Structure formats: C-alpha cells, structure tokens
1. Cα atoms only: what Rg and Dmax, in Å, come out for region 1-160?
2. Given contacts defined as C-alpha pairs under 8 Å and at least six residues apart, what's the relative contact order of region 93-139, whole-number percent?
3. List the residues of region 276-304 whose backbone N lies under 17 Å from a point placed 7 Å from the Cα of GLU249 along the Cα-to-Cβ direction.
4. When a/c is below 1.5 the answer is rounded, else prolate if a/b is larger than b/c, else oblate, so apply that to region 75-177 with a ≥ b ≥ c taken from the square roots of the Cα gyration tensor eigenvalues.
5. Top mean-square fluctuation among LEU67, LEU175, LEU13, Gaussian network model of the chain, C-alpha springs under 10 Å?
6. Take GLU85 and ILE148, extend 7 Å from each Cα along the Cα→Cβ direction, and tell me the distance between the two endpoints in nm.
7. Accessible area of region 1-116 with a 1.4 Å probe: how many percent of it is carbon plus sulfur?
8. From the mean inverse distance of alpha carbon pairs (Kirkwood) and the Cα radius of gyration, derive Rg over Rh for region 208-311.
Amino acid sequence: MKAPFYSYSLEELCNTLLSAGFEKFRAKQIFDAVYKNKIFSPDLIPALPKKLKAYLLENFEFSAGKLVGNREAFDETRKYLFELEDGKFVECVLLEAPSDDDGKIRKTLCISTQVGCASGCKFCASGLRGFFRNLTCDEIISQALPFIKEENRNGKIERKFEFENIVVMGMGEPLANYDNLLKALSVFNSPDKFAFGARRITVSTCGIADKLELMAETGFPFRLAISLHGATNQVREKIMPINKKFPLERLIPASEKFAKTNGRMITLEYILIKEVNDSFADARELVKIAKRLHAHINLIPYNKVESLDWERPQASRRTAFAKILKDAGVSHTLRREKGSDIDAACGQLVLRTEKTKETE
Ligand code: SAH
C-alpha cells in the first residue's frame, strides 16, 4: 500500500525522506511543486534527482482515484465519475454557479465524501443503494486534482485550479465523515498547502445537529448550507429520516449557535417538490426560520429521479412561493435548474452507471 501524500504534513514528509536517505530540504521542494505549482506527478517535478522521483512514485499515492466519463450538458455543467482504487464510483461536477460569497457566477467544483449515503432522504438518488463507505482524506482531495488550467505568464507556465469555489454537495453526508472531511478541507485551506480561501468552500449537510453544535464549539471556518427541504417537522420527517433524530427544535438552535460563531450567512437549501412542501403555508414557515437564522434561501426545483415518484411544481407555483419570501424581505434565489439533462442532482449519474453495468 502506498502512503497517501496529501495526508502528510511537511514535517512528516521530512522525517520520511530523511529515514529513506534523502536530504531534508527535498520535502519543501516537493511540497512547493505539488501545492504551489500543482504538479501532481513526482516524475514531472523539475530538479528532483531520478532516485527520489522513483522513490516517491513507488511509495506515495498522488491521486487516490481517477476521472472517468464526461457528459457535456447544454448549460456548461460537466459531470464526471471518479473511480476509486476499489472500483467504486463517486461523482464530481464542474458547474457555473452563483458564488455564496458575492453572488457572481463562478466555476464551482462539487465533490463527494462517501460512497452511497446512509441518510436515506426519500427524494434523493444517492441513498437508493444505501451506504457503502466513507471516502478517505486523500480521496476527497483527489477529486479536485484533474481540474487544472495552465497559463503562460511571460514564458513561465503557471498551473491553477480551474474552479474558484468548492461545494461539498456530491454523494454522501459530509458531516457523517467528519474527521476525513475536516482533514481534507484543511489541506485545501492551509496556507502551506493549497491556500484555498475558507469563504470559497461550502459544506452542505442534511442537518446532523450534534455535529453543528460541535462545530460551533470547536470552530469551523467554512461556509455551511443546510438541506432543510421542509419548514415543519410534519413535512420534513416525511422526506428526511434524519428529522426523527434531529427534529427542527434541535436543528434550528444548533444552526443558530453555529451561525453566531462562524460569522458567515448560512444557506438553507429548499427543494421544491410538488404537493409535498410547496404550499404558501410552507413558504410562511420557511420565512420564520430564515429570519431567525438570518439565512439565505436557495430554492431548487426538484430534479426528477427515474425510479421515484416526486415531481417539481409548475413554474408559476415556484415563482409564487419565491414571492412570499421576497415580500417578507428574505434573501433568496430561485435556481434555474442546472444540468438536469445530465442527471446533475446528487447521485443520479452513479446510479445510472451502476444500473447499466448490471444489465450489461
Ligand atoms: N448530504 C448532503 C450533501 C449532498 S446532496 C446534504 O444533504 O446536504 C446536495 C443537495 O442536493 C442537497 O440539498 C440534496 O437534498 C439535494 N438533492 C438531492 N436529490 C435531489 C434532486 N433529485 N433534485 C434536487 N436536489 C436534490
């Protein structure tokens, strides 16, 4: 088994190289090449001795999985499958989306944290096959590595990430894989690693309230989105089993506590599902929660999942629902459906690929 490169601190890499007979300064040279110049293959790192390149190739894993499949949608959404070492798939999506930071359209990478999902939300494709396993720290990070652009600056090639934001909204429940999530985000964020700004990273959760309380206590610098989808327990527990364990009277105070220490505006995600959560009474309940949390509401028309019966409300109902938020002065966006032609909602591409494989 090769060692997971991105889980190593500079000091750990130093010590490992020293005990393998290499000079100490090489560790910093490798760190700079990987994290600053974004060269993810040791044989391409300039000025490294051949012997060291061979040692790194043999002993370290620089990408814990690889991209396969690419479906172009009409609207600039690119959805990929990421194949892990054990042959399992997760998905990652490169899309153009309004930034949580300033609302400007930016390239955003959506990554996964688990193979499958144990949350069992009734409308979601990811949970249909149940939960398989957590991704490791290096598997979470590796999903971002293929998305690089090269720029020629006065004859010097600079390599940068192609995306400006990361959203942890792919397959899985990030807070159910908390330790690996935190490790991975700190590799993205840490100044001596990728130095990717915390305000450009958003984590989305179905509402694991005890983790939110912990995050409020220990500090969590990244943005948070909560998949609310129901503004009353009655609606929410019909579609999200997590609401039994953490009902709104626990989730809302936990979110409030989190928002106070985090200091950034929370986003509440609200999928509009026909005749489930789209009544005007629902909208008025949603207004109350949004005001209490000073949250931004992201209204998303439900993206049809093949084997499920849920539907999105008609456009006129969606705008009428949004108008109630608008009239109440609640910050909100009504998302134009993105990438629905390439199954861009959570888990759908993986599910389809697995089904095709089964019928082959
Ligand atoms: N487990 C996390 C993150 C993954 S899902 C969470 O629950 O937030 C990312 C978002 O896509 C969630 O808000 C989820 O509820 C939503 N989603 C899942 N299936 C969808 C569908 N068919 N149409 C629209 N959004 C969907």
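1. Computed over the Cα atoms of region 1-160, radius of gyration and Dmax are 18.5, 55 Å.
2. Values: 58 pairs, mean separation 13.0, N = 47.
This gives 28 percent for region 93-139.
3. 289
4. Numbers: a/c = 2.59, a/b = 1.66, b/c = 1.56.
Prolate.
5. Result: LEU13 has the largest fluctuation of those listed.
6. Taking the simple label geometry, GLU85 and ILE148 are separated by 2.1 nm.
7. Working: 3090 of 5690 Å².
After summing per-atom areas, the C and S share lands at 54 percent.
8. With Rg and the Kirkwood Rh in hand, the quotient comes to 0.98.
The values are calculated or read from the model by the stated rules, or taken from the named source; none is laboratory data. Please read all numbers here as calculations on a predicted model, not as lab measurements. We place every Cβ from the backbone using ideal geometry, glycine too, and count neighbours over all the protein chains shown. For accessibility, only protein heavy atoms count, side chains too; no ligands or nucleic acids. Shrake-Rupley method; radii C 1.70, N 1.55, O 1.52, S 1.80 Å.
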